[in-house]
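Each remark here refers to the structure printed beneath this line.
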């Protein structure tokens with residue numbers, strides 16, 4: 001059985017909820033199984049924001065076989081966007097490489113709400129990424 005942890009940062013709740021539903025659609029399409037008949041189980045943890053996603057994954061790295069990170073960062077008027085985006089993305093990549101475990105990156109970084117709304121399907125892409133690594 002493969003265990004997946006879905007880490008949600010619902011700061012932009014409507015967007016992240018839709019991303020979560022899209023990720024679950026992918027897991028449902030796979031009917032809870034990989035192509036080689038391995039069962040999939042998943043848990044969910046909510047965190048305050050995208051910055052907390054890497055540490056949450058790191059704390060749970062030994063408990064799960066893969067992870068789906070879902071969050072949304074929208075640029076404001078300060079450089080905060082750049083720091084949080086880079087830290088979150090670099091953090092999950094580093095953890096994935098060091099642990100040799102797949103982390104589906106569903107953290108979207110957008111300049112405005114319109115762009116974020118257009119990228120709500122990123123949750124399914126993140127789930128597919130994890131599933132593809134499992135099937136290697």
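For the range 114-124, give me each residue that is assigned to a helix (DSSP H, G or I), farther than 18 Å from residue 56 by Cβ and in contact (Cβ under 8 Å) with a residue 60 or more places away in the chain. Steps first, answer last, please.
Kept after step one, since they are assigned to a helix (DSSP H, G or I), are these residues of the range 114-124: 114-118, 122-124.
From what is left, the residues that are farther than 18 Å from residue 56 by Cβ are 114-118, 122, 124.
Of everything in the range 114-124, those that are assigned to a helix (DSSP H, G or I), farther than 18 Å from residue 56 by Cβ and in contact (Cβ under 8 Å) with a residue 60 or more places away in the chain turn out to be 116, 117, 122, 124.
Take the conditions at pLDDT 95 or above and either under 12 Å from the mean Cα position of the chain (by Cα) or over 20 Å from residue 11 (Cβ atoms) (or both) and apply them to residue 103. Does it pass? Before you say what the answer is, go through the steps one by one.
Numbers: at pLDDT 95 or above: yes; either under 12 Å from the mean Cα position of the chain (by Cα) or over 20 Å from residue 11 (Cβ atoms) (or both): yes.
Yes: the conditions hold for residue 103.
Sort out which residues of the range 118-131 are over 18 Å from residue 44 (Cβ atoms) and either out of contact with any strand residue (DSSP E or B) (no Cβ under 9 Å at 6 or more places or on another chain) or crowded, with 22+ Cβ neighbours inside 10 Å (or both), and write them in order of number.
121
Are there any helices (runs of 4 or more DSSP H) wholly within the range 1-107 with 1 or more residues that are touching a strand residue (DSSP E or B) at 6+ places or on another chain (Cβ under 9 Å), in contact (Cβ under 8 Å) with a residue 60 or more places away in the chain and surrounded by 13 or more Cβ atoms within 10 Å (Cβ to Cβ), and if so which? Outline the logic, then answer.
On the way: elements: 13-29, 53-59, 80-99.
By residue number, 13-29.
The values are calculated or read from the model by the stated rules, or taken from the named source; none is laboratory data. In this text the structure is predicted, and so the values were computed from the model without any measurement. Note that we place each Cβ from the backbone using ideal geometry, even for glycine, and neighbour counts take in every protein chain shown.
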